[in-house]
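Asks: Here's a structure for you.
We did not get these values from a lab; they are worked out from the coordinates using the rules stated. Source: prediction; values computed, not measured. Heads up, the Cβs are rebuilt from the backbone with ideal geometry, glycines too, and the neighbour counts pull from every protein chain shown.
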């Protein structure tokens with residue numbers, strides 16, 4: 001004897017009526033979608049249920065998640081590279097500055113401290129302009145820089 005969910009061979013072409021309970025908001029969404037598509041709600045509900053029960057639905061969802069994770073991984077790699085470039089740039093600048101800048105005698109040091117605020121404000125303004133209109137340092141550096149630690153020392 002065939003159950004309600006398993007029609008006999010003779011009735012296999014005939015659709016089976018099912019009653020379901022939907023949240024009012026879901027019902028409104030289904031009704032609005034059906035009206036926009038000019039399709040019966042039962043056809044849309046059947047397609048949605050078939051898609052939900054499809055064995056490849058999990059595979060599609062997993063593929064979408066994997067694609068998004070790959071994008072995030074590439075973004076994190078770029079951020080990591082940019083932070084590395086920033087840190088190395090700052091370290092190289094400090095090393096270079098300390099190497100070439102002799103200590104100031106006391107009267108000159110007092111004058112330099114007096115001008116420090118104005119010079120810092122000029123630095124921040126210049127940095128703001130560079131960040132607003134570029135080019136960015138990370139854009140000037142090739143993606144595949146050779147790993148030769150002696151090359152940086154030779155350029156100084």
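Asks: Taking the Cα-to-Cβ direction at residue 67 and at residue 41 and moving 7 Å from each Cα, how far apart do the two end points lie in nm?
Replies: 3.2
Asks: Same structure, new question: Measure off 7 Å from each Cα along the Cα-to-Cβ vector at residue 87 and residue 116, then give the distance between these two points in nanometres to one decimal.
Replies: Spacing of the two 7 Å Cα→Cβ label points: 2.7 nm.
Asks: Determine, for 99, 89, the number of other Cβ atoms within 10 Å of each Cβ, and report the residues in order from fewest to most.
Replies: With the fewest neighbours first, 99, 89 line up as 99, 89.
Asks: Quick check: from the Cα gyration tensor, does segment 57-110 come out rounded (a/c under 1.5), prolate or oblate?
Replies: Here segment 57-110 falls in the prolate category.
Asks: Based on other C-beta atoms within 10 Å, arrange 79, 85, 20 from fewest to most.
Replies: Ordered by Cβ neighbours within 10 Å, fewest first: 20, 79, 85.
Asks: Moving on. For segment 17-103, what mean projected area does the convex hull of the alpha carbons give, in nm²?
Replies: In nm², the orientation-averaged hull projection of segment 17-103 is 11.3.
Asks: At residue 76 and residue 29, where each label point lies 7 Å from the Cα along Cα→Cβ, what is the point-to-point distance in nanometres?
Replies: Placing both labels 7 Å along Cα→Cβ, they lie 3.0 nm apart.
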